[in-house]
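Accompanying notes for the structure given below.
Bear in mind that the values in this text are calculations on the coordinates, not laboratory data. Being a predicted model, the structure only gives us computed values, none of them experimental. Ideal geometry is used to build each Cβ from the backbone, glycine not excepted, and the neighbour counts take in all protein chains shown.
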Amino acid sequence: MSVSTVLPMNAQPSTTKSGVVVLVGVMGSGKSTVGAGIAHVLQCSFVDLDVQIAKSAKCTVSEIFARGGESEFRSIETDVLATVLDDACAQIAQQAARSVVVATGGGAIISQINRDKIASAADHVIWLDAQVDDLVKRISSSKTTRPLLANNPHQALSTLSIERAGLYEQVATAKIDTTGLRIDQVIDAVAQIVSPMVAK
């Protein structure tokens, strides 16, 4: 793994030392898989935001998009994200958990409300990035249905990556380029960043 794989960002970890780790990044960057893996390594709780959204709405993400479009999905996403982060902070404060790892959806950072919530709640916000070709390859082998990539995945991912890069940069405390890396290598990179926090 090259030194340039992990880059510190301008955003600073939360001063409250909540124990919350949030993963952000475009679709296919590995947030859910890496999130589950890092939670296993750190022996802490893991929450996949899209799974929680589906539970809250009592239907799949694709069904939400089909019913009310992206606007309805984003509205639900904001509510669920706030609940997840509040619950995570409460669990840690009550010593019911040492840490909580949260994998967000790729567009969770579009909303200023969400970005502010993430920045205030999380000790570390890790931006998982990758080149578009890698993203397309990963998504093509995934069974997850992604409504925003229905037509031209390569073009859509390229556009989303460019449009959202500045937003990820606003909230991220560290960035990891996952291009060409195995999942275990990415998990190791995240663990090196967040382990001192969990061990405190």
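Mind jotting down the distance between the C-alpha centroids of the range 25-42 and the range 85-125, whole Å? Centre-to-centre (Cα) distance: 14 Å.
Just in the range 34-90: which trypsin sites (Lys or Arg not before Pro) are loop by DSSP and have at most 16 other Cβ atoms within 10 Å?
Hits after loop and neighbour filter: LYS58.
Summing +1 for each Lys or Arg and -1 for each Asp or Glu among the other residues whose beta-carbon sits under 13 angstrom from that of THR104 gives +2. A compact globular protein would have a Cα radius of gyration near 2.2 N^0.38 Å; the ratio found for the range 58-113 is 1.33. Considering only Cα atoms, the convex hull volume of the range 88-134 works out to 91 Å³ per residue.
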